[in-house]
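Presented below is the structure to which this report refers.
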Amino acid sequence: MKKYLLLVPITTALAIFFYPTTSNSNSTGSVGGKTGSPNDGSSCTQCHYAGQATGAAITTNIPANGYIPNQVYTITANIQGSTDQYGFEITAEEANFGSAKKGTFFITNNTETKLTNNNKAVTHKLGGILGSGSKSWSMNWEAPNTGTGAVTFYGAFIEGNMNQNNSGDTYHSSNLTVSEAVINSVNNLSTQNDFIFNTANMTIESNTIVSLHDIKGKLVLTTTNNLTKIDYLKKGIYILKSGNKTQKIILN
């Protein structure tokens, strides 16, 4: 009889411990490594007991002929659904199956997104889960070094049914492969390189409107001058943008 009475609280405790967590536990973002990529292995369905749909897409401003190594591009994760609550995780890996993560992600909307999985992926925050029938999140990605080759973006998306538990949600997935561009000629300042950052004297040479943003996406300055000195700014990583080009720079 005593053994039976002891088994009751133990069984109850185990049931509580292994009971599925609620959807709210993931409203602050993925724990990381849940994109379904070859390197990650698992996806959102490891925690969410979800049906599957095909309403997700990954888009970029990478040209059709491929990314230029070490240039910065905008990556957008999109989902179309039928509810008002969404989440995601996106990562990038070398297109060879099972290869390592490639490129560097930068947050451009600190209210809705954050880095995860040792900064190798981006996921939603609590402020970025609501949308009326659809949701999109954008971020910057610095392309890897020359010789990497094709890179594949993998995205896992959850469409929550807002019933306060993990059952009944809908899982969407998407991937996008981009090639590395073949550079046959030297760009000049009058075409694609409409600005140049001079690391020696901390100046921006430009023939167009250029904006400078900090690592969190906050606008630091906008200039139309042919030569702009920025040596007075705090040390750190910044993003330079014009209409045709985006580049990561480091002030140190």
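Computed from the coordinates by the stated procedures, all read-outs in this text should not be read as laboratory data. This structure is a prediction, so every number in the text was calculated from the model and none was measured. FYI the Cβ positions are ideal-geometry reconstructions off the backbone, even for glycines, and counts take in every protein chain you see.
Some observations on this one:
- Neighbourhood net charge (12 Å Cβ-Cβ; Lys/Arg +1, Asp/Glu -1) for residue 150: -2
- Segment 66-117 and segment 193-231: distance between their alpha carbon centers, rounded to Å: 25
- Likely footprinting exposure, 79, 158, 249, fewest C-beta neighbours within 10 Å first: 249, 79, 158
- Backbone N under 20 Å from the residue 207 label point (7 Å along Cα→Cβ), restricted to segment 214-233: 223-229
- With each label modelled as a point 7 angstrom along the Cα→C-beta vector, the residue 227-residue 119 pair spans 3.4 nm.
- Stokes-Einstein D for segment 91-140, Kirkwood Rh over Cα pairs, 25 °C, 0.890 mPa s (µm²/s): 204
- Compactness relative to 2.2 N^0.38 Å, alpha carbon Rg of segment 33-178: 1.00
- Once the convex hull of all Cα atoms in segment 195-251 is built, its volume per residue stands at 70 Å³.
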